[in-house]
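Comments concern the structure below.
Read the figures in this text as sums done on the coordinates, not as results from a lab. This one's a predicted model, so the numbers in the text were calculated from it and none came from an experiment. Every residue, glycine among them, receives a Cβ derived from its backbone with ideal geometry; neighbour counts consider all protein chains shown.
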Amino acid sequence: MSADSIRKIIDDTRDQPANIIVVLEDIQAKFGYLPEESLRVVAEETGQSLVDIYGVATFYKTFSLKPRGQHRVSVCLGTACHVRGGPSIEKAFQRALNCKTGETTDDKKFTLETVACLGACALGPIVVVDQHYFSKVTIDDVRRVVRKTLEGLDKVDITKDKSVFPVEIICSRCAHSLMDPTFLIDDYPSVRVTIYFERMHGWLRLSSVYGSYNIESEYEIPMDAVVNIFCPHCHTELKGNIPCPECHAPMVSMVVRGGGVVQICSRRGCKGHMLDVTGMN
Amino acid sequence: MITLKINGLPVTVDKGATLLEAIRFLGFHVPTLCHMEGLSPMGACRLCVVEIGNGNNNKLVSSCTYPAQEGLNVRTSSTRVMNARKMIIELLLATAPQSKTIQDIAAKYDVRRQRFRQRYESCILCGLCVRMCEEQMMAKAIGFRGRGDRRSIGTPFDSKSEKCRLCGGCLYVCPACELRCTYTEPDKAVCGGCANLSPPCLINYDDVMCYMDPCVACELPKE
């Protein structure tokens, strides 16, 4: 964490005056929690007192002053889930994760929390892990939920899901293959390109599976940053001809071997993309 | 200027005055804990509860925060008010039985026992110290933290505040953190003896810590 990155977040929300919650939300989105130092910087920059900011940060349950685990497990203890055995599910998670409610496991993988109600009482007891809902959870299910989370909840089954398939990408100018068989993402060779953003040059590897948004990058690309993407062979910018239909950032265009053009949004976090398969057999 | 009736007596106050100011102007007694002149009203302790309205339209409001309105009919000690106030006193006693201030109020209202689970908090969250620090000392070193049953008053991160000048204003205004009058049995802290005025009992009991001189708990008839 650096004070400059906090200052940037505050500057970005300058048009929403005195909106401490927005600033804190952005900081939390970036770091996963609210570091003590960040609150001091916010107090300094916004001219509000640290007491008030600390009060807001401790008032809302969304905010956490302690680092949280990679996965957030929320066990519903609303009335309906409570009578259906929510507390015993909570205890089962405490045993399975070996941590108390409200705490993070030693390996920083899980944070165990309880929520009052998720509004889906008919499906209780409910457990939410990283926005994935598990309904009618039994004590026996608890270990399965933990195991599944460790395997990756967003993982798509390429062999079963028809809307997801691997493609082979080549540069639209020099027709060199961009596939990198030495670097696997989603168990398939990744697409290697060069990126340029904020005066940083580096490699970026995209999943070649159409429908997967997994990437690996030399530098951490901040959310919502727009990057320029180049072919690593001919160094041409892989520019698309239209703006992203979702966020209007420039699109990046690449050619699919066998015919067709795939365009992806250049903004980090935006899932705007299109596949034009004219001429593809 | 606004004219309203308090316990049937008409009184005229400036616009923007609170009910409590009007009530005290007439000299009626209304107990308060979280109210202090020079600090903004907060309505945290609810002790200053009064009844307003007519007929079926009655309601209880905290007089320290309620602005005086034209033609308002205020009762400061109706049965409903007294019942509500006694309940609030019991709750305060349950929270901080060791507070001399709360004990005095309880004794005044003849509250001799409370029916709730006994806690021994050193804070009733009245916010006097927070407002003192912010409004009179211009420091803002302490504030409210958390919410619900985890609400507390203190400095951010529980660390020493660089804003604090150790003025002691927060201690000065605190109604709860005084040492408690233990009577003779520490667990039954409400003695009410301070409301009486007869020779001190210090001779008889070693562990009486009440600042009131004289404290005559021993003279009270045993129930």
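One table, with the values for the structure above:
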item	result
Shape of chain A, Cα gyration tensor, a/c cut at 1.5	oblate
Residues of region A:259-276 with amide N under 11 Å of a point placed 7 Å along Cα→Cβ from A:GLU246	A:264-274
Under 13 Å, Cβ to Cβ, from A:PHE183 - net charge with Lys/Arg +1 and Asp/Glu -1	-3
FRET efficiency, A:ALA29 to B:PHE25 (Cβ-Cβ, R0 56 Å, nearest 0.05)	0.55
Amide N proximity, region A:187-230 versus A:ARG173 label position 7 Å along Cα-to-Cβ, cut-off under 13 Å	A:194, A:229-230
Inter-site label distance for A:LYS66 and B:GLU162 at 7 Å from Cα along Cβ, in nm	2.7 nm
Longest segment of chain A lacking GluC sites (Glu not before Pro) that sit in a DSSP loop with at most 11 other Cβ atoms within 10 Å	A:1-197
Shielding score for B:157-167, defined as the mean number of other chain Cβ atoms within 10 Å	1
Distance (nanometres) between label positions extended 7 Å along Cα→Cβ at B:ASN56 and A:GLU45	5.7 nm
Residue-span extension gain [A:ASN19 to A:ARG147] - 0.36 nm each, minus C-alpha spacing	42.1 nm
Neighbourhood charge, 12 Å Cβ-Cβ cut-off, centred on A:PHE230 and excluding it, Lys, Arg +1 and Asp, Glu -1	+2
Loop trypsin sites (Lys or Arg not before Pro), region B:98-136, which have at most 11 other Cβ atoms in a 10 Å radius of their Cβ (DSSP)	B:ARG113, B:ARG115, B:ARG117, B:ARG119
Total formal charge among the other residues, if their Cβ is under 14 angstrom from that of A:THR105, Lys/Arg +1 and Asp/Glu -1	+3
